[in-house]
Structure formats: C-alpha cells, structure tokens
Amino acid sequence: MFTFLQRAACLLLLSIAGTATAEVVIDDWYVMSLMDSPAGWMNVMGDVQEDGHRRLKAENHIELKRGAMTVSVSTQVEWVETSEGAPVSMTMRQDMSGQRVTTVWTFDGSDMEITTEQGGRWTTTTGEVPDGTWYPTWAMMDEMKRRIKAGETEFSLHTMMPDQGIKLVEVTFKKLATEPWEDDGVKSEVTLWEVTNNAIPFTSTQIFNADLKMISNTMEAPFGDVVMILMKKRRAVMEVLKGAAELPELLESLTVPVDRPIPGWKTARNASFRLIPRTGDVPSLPSAGFQRVGTVAEDGTLVVDVDLDAPSIASAEDQANPAYLGTSVLIDPTDPAILKMAGASLEEAGDDPARKADVLREAVFSWISRKDYGTVFASASETVRNRTGDCSEHGVLLAALLRSEGIPARVASGAVYVPAGVISDEPVFGWHMWTQAIIDGHWVDLDATLPVSYTVGHLLADTSSLADDGGVADQWNLLSMMGNLKVDVLSVDGASLQKP
C-alpha cells in the first residue's frame with residue numbers, strides 16, 4: 001500500500017507542472033485524500049538553475065493508521081534536466097517512519113549510475129538507459145501541452161519513474177470533456193482527461209485549467225479513491241489536514257473476507273480456495289512455491305491450491321538469476337551485522353540447506369522482538385539492528401540471511417489467513433509479506449512471522465528480488481486485489497468444505 005501511494009505521487013508529478021520559464025518559480029500545494037479522509041499533502045517546486053538546468057521537485061507527506069498505530073511516509077522526487085529536456089539526474093528520497101532511503105540516478109548519454117544510501121550504507125550499480133524516445137518530467141509536460149494545444153485528444157508519452165527502476169513507463173492521455181468551472185467566483189472552462197499507464201493498474205481522471213495546470217487528480221482504486229486537489233496556499237493545505245476527523249485506516253479496512261474458518265490451519269498440509277473478485281477478474285496469480293493456480297473462470301473467479309508437500313521447481317533462469325543472491329539497499333547479505341547473526345544462528349545447524357533455511361527463519365522470528373505496525377518497510381540492515389518490524393521486515397531480514405549463506409532468496413507478497421479475534425471478530429485474510437528460497441532446486445515458502453515454517457493459509461500474489469534497479473513494480477497483482485476480493489475455502493487436507 002505504501003509503495004502504491006509513493007507511485008501515485010510520482011505519477012502526479014508527471015501532470016502538475018504549470019507553464020514555467022526562467023522567470024517563474026513553481027510553488028504548488030496539493031492536499032491528498034484516501035478513502036474520503038485527508039491523509040497528506042504534496043508541494044511541487046520548479047526553478048531554473050544558474051547553469052540553465054531545470055529542476056522540478058515534488059515532496060509529499062502521508063499519515064495513515066495501521067490498526068492503532070499511526071505511521072508516516074514522506075517522499076521527495078527531484079528531476080534535473082537540461083534546457084533542451086535531456087535528463088541529468090533523478091532522485092528519490094523516502095522517509096518511512098524514520099527509515100530514510102535516498103536513491104540517485106545519474107545519466108551520462110546511454111549509461112546511468114544508480115546510488116542508494118540508507119543508514120550510512122551505500123550501494124552503487126550501473127545500467128543502460130532504455131532505448132526509445134522518452135522525456136524527463138518537465139520536458140514531458142512541455143510535450144503534453146504542445147500536443148493538447150495542437151488539438152490532439154489522445155496520445156501516449158514515455159518517461160521514467162524512480163520507483164520503477166530502469167524501465168520506461170508509458171502514460172496515455174485521453175480527453176473526456178470540456179466543462180464550466182468556477183473558482184472564487186471566477187468562471188472558466190476546464191478539461192477532463194483520462195490518464196492511464198503501465199505502472200499502476202488503475203485509471204486517473206485529471207482536471208486541467210486553461211493554463212494546463214492540473215487542479216485535481218482522482219485515481220480510482222478498488223480500496224477507495226486517491227484524490228489530490230490543488231490548494232492556493234500552504235496554510236490552506238494544513239488547515240484541511242488539521243480539520244480531518246480521522247486518518248485513513250489500512251489494516252482492518254482492507255482485510256479480505258473468508259466464508260469460513262480454515263480448520264487446522266496451522267498443521268494442515270494442503271488446501272484449496274476460490275478467489276472471488278467484487279468487480280472484474282482476479283489477476284493471473286503465479287504458480288510458485290507451494291501454490292498452484294488454475295485459469296481464471298468465465299465468472300472472473302480463480303481456484304488456488306496450496307500444497308506444502310509440493311514446492312515448485314525453480315527454473316534454470318531463476319537459479320542463475322544473480323538478483324536472488326545480490327545486494328540492494330533493502331537486502332544486503334554482506335552487512336557485517338547480517339553475517340554475524342547468520343553465523344551465530346547456524347553454529348549447530350549442519351550443512352543441509354533446508355535445515356539451515358528453517359533455522360534462520362526461526363532466528364528471525366525470535367530476533368524481531370518488537371512486532372508492530374509502526375515501521376514501514378525498513379531494510380534488513382536496519383531491522384537486524386533495531387529488532388523492530390512487521391511482516392515486511394521479517395521477510396527482508398530472512399532473505400538477507402539466506403543470501404549470506406549462498407541460498408537464493410526473494411520476498412513474496414500476498415494474503416495470509418488470520419483467525420477470528422486477532423484483527424477482526426471474523427476470520428479474514430490480511431495483506432502480508434514473507435520469503436521464498438531456492439532449496440534443492442525448488443522454491444520453498446518460509447514465513448518468519450509465524451512459529452511454524454509455513455501454513456496453507458497463504459495466497460501468493462507477487463514475488464520480488466527487491467533489487468535497486470528493479471523498482472517496486474512487483475506488486476501489481478496485490479494492488480489490483482486490495483479491496484476487491486473475497487475467499488471461499490473449498491477443501492482442507494482433501495476434505496471438501498462446500499455443499500454439493
């Protein structure tokens with residue numbers, strides 16, 4: 001969810017720059033609402049530097065509830081480009097409840113360098129700029145305005161987004177209507193545009209004034225609309241947020257209803273589920289780890305089987321993928337603290353990879369002593385030191401420990417069964433993250449948040465190596481199911497639970 005909101009903010013940056021020259025400084029303020037409640041703000045500033053380079057910077061701050069905990073996420077995205085629109089650098093700074101991460105992409109012709117820092121630890125990688133015609137943010141807005149003024153009503157442009165890594169994002173603009181508008185008694189006309197892209201599976205409706213400045217953006221998501229509205233003054237934004245009765249709550253409100261309890265869910269070896277969308281179709285989920293997925297039925301539903309005795313075979317490509325043993329800002333297996341914890345945990349584990357993996361899982365379960373929702377996606381290096389976190393911290397720490405022992409690992413995201421009385425009066429599925437490891441040529445699921453290795457009460461949506469150059473685009477399925485799913489339990493250990 002938090003990565004989605006960051007991505008929404010990045011996409012907003014593509015549409016907000018007003019008409020700007022060397023004499024104009026952009027200073028626009030937007031208020032953000034989620035599920036009909038004010039949740040944060042964004043400030044966009046643009047200037048022309050002494051060397052003629054144009055800089056556009058967007059800073060946003062979001063506060064949300066996760067159960068009883070209030071968490072905050074701040075993100076700053078900065079683009080620097082030449083006066084001709086050639087990219088110079090792209091920077092993303094994130095502060096997620098005290099966990100600060102900075103990533104800088106520096107462009108040099110067809111090459112780029114990606115440097116990431118968190119907690120004083122640096123990683124640097126290189127890559128090639130994607131082929132094709134694309135625009136940094138300011139240049140993209142210039143091109144968008146040129147096309148609109150030329151009378152085009154539907155067109156696509158390509159750009160790069162900091163949370164997507166080294167890949168191009170296609171953004172499509174389609175004019176919907178021209179409508180009258182009144183602001184402080186001044187009447188004018190605005191244009192409504194449908195904006196879609198291949199980075200988020202949701203559609204936005206954006207409203208532009210006569211100067212082609214975006215004055216509102218409504219992104220339609222299954223869990224509720226994300227709305228951003230232009231405000232005239234910083235003070236006005238703060239007054240709106242100050243008057244908010246309640247922050248949006250993202251734990252209980254987004255749980256997935258299930259038709260019945262899962263009997264013996266901690267010890268069962270296999271189970272079958274039917275995933276039912278509220279609207280549209282369930283996405284084609286991966287068959288990986290202990291999960292096998294059927295085909296989407298005509299009614300949009302999907303049957304998923306979980307068998308703890310039948311891990312999937314890891315492809316030759318997966319087994320050779322360096323990302324599953326690699327170093328990133330979120331997963332650094334070379335960190336001395338990670339190596340120390342792995343060594344201490346495995347003193348009596350022997351050489352069997354399966355045994356070592358489960359011992360490390362147990363070690364993470366015990367090591368993270370403060371288990372709450374106040375931390376938002378800290379790195380393994382931060383987690384091993386502060387011993388605090390929720391499911392994502394358990395997942396990345398276990399992945400780092402596994403990689404430090406030469407066991408390929410990645411994180412998995414999806415939903416986990418939560419019995420009645422934990423976060424709801426009824427049993428539900430809650431959104432979750434865990435770890436997968438390649439052991440004896442198979443992908444094996446490991447959940448370090450549990451006192452057991454894994455349970456049948458897991459529904460896998462996406463997997464990711466969390467490499468620095470890959471972004472966080474590996475949550476497409478999870479995002480498309482949030483607020484749009486319910487689950488029927490079909491059988492457990494071969495016993496049908498549905499009436500004929």
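The values are calculated or read from the model by the stated rules, or taken from the named source; none is laboratory data. All values derive from a computational prediction rather than experimental measurement. FYI the Cβ positions are ideal-geometry reconstructions off the backbone, even for glycines, and counts take in every protein chain you see.
What the table shows:
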read-out: Complete set of residues in segment 79-94 that are over 20 Å from residue 144 (Cβ atoms) and either without any contact (Cβ under 8 Å) to a residue 12 or more places away in the chain or of a type outside the set (Ser, Thr, Tyr) (or both); value: 88, 92, 93, 94
read-out: Identity of the residue in segment 50-67, assigned to a loop (DSSP other than H, G, I, E, B) and in contact (Cβ under 8 Å) with a residue 12 or more places away in the chain, that ends up farthest from residue 217 (Cα to Cα); value: 52
read-out: Candidate set from segment 422-452 (those that are assigned to a loop (DSSP other than H, G, I, E, B) and touching a strand residue (DSSP E or B) at 6+ places or on another chain (Cβ under 6 Å)); member that is modelled with the highest pLDDT; value: 447
read-out: Single residue of segment 192-207 satisfying the filter (in contact (Cβ under 8 Å) with a residue 40 or more places away in the chain and assigned to a strand (DSSP E or B)) that is farthest from the chain's Cα centre (by Cα); value: 206
read-out: Number of the condition not met by residue 323 [criteria: (1) part of a loop (DSSP other than H, G, I, E, B); (2) under 30 Å from residue 115 (Cα atoms); (3) small (Gly, Ala, Ser)]; value: (1)
read-out: Residues that are surrounded by 20 or more Cβ atoms within 10 Å (Cβ to Cβ) and either modelled with pLDDT under 95 or under 14 Å from residue 399 (Cβ atoms) (or both), drawn from segment 311-325; value: 324
read-out: Selection count, segment 256-300, where residues are within 21 Å of residue 434 (Cα to Cα), outside any loop (DSSP other than H, G, I, E, B) and either in contact with a helix residue (DSSP H, G or I) (Cβ under 6 Å, 6 or more places away or on another chain) or of a type in the set (A, V, I, L, M, F, W, C) (or both); value: 6
read-out: Residue list for segment 471-491, filter: modelled with pLDDT of 85 or more and charged (D, E, K, R); value: 486, 488
read-out: Residue within segment 455-476 that is more than 30 Å from residue 113 (Cβ to Cβ), touching a His at 6+ places or on another chain (Cβ under 8 Å), in contact (Cβ under 8 Å) with a residue 40 or more places away in the chain and assigned by TED's automatic domain parsing to the domain that holds residue 364 present; value: yes
read-out: Candidates 145, 167, 175 - the one that is part of a strand (DSSP E or B), out of contact with any Cys (no Cβ under 9 Å at 6 or more places or on another chain) and assigned by TED's automatic domain parsing to the domain that holds residue 80; value: 175
read-out: In segment 366-418, residue modelled with the lowest pLDDT [restricted to those that are hydrophobic (A, V, I, L, M, F, W, C) and in a loop (DSSP other than H, G, I, E, B)]; value: 376
read-out: Residues satisfying the stated conditions in segment 326-365, i.e. part of a loop (DSSP other than H, G, I, E, B) and either charged (D, E, K, R) or buried (at least 21 other Cβ atoms within 10 Å of the Cβ) (or both); value: 328, 329, 330, 331, 332, 333, 335, 347, 348, 351, 352
read-out: Filtered residue count, segment 157-175, keeping only those that are farther than 30 Å from residue 189 by Cα and in contact (Cβ under 8 Å) with a residue 40 or more places away in the chain; value: 8
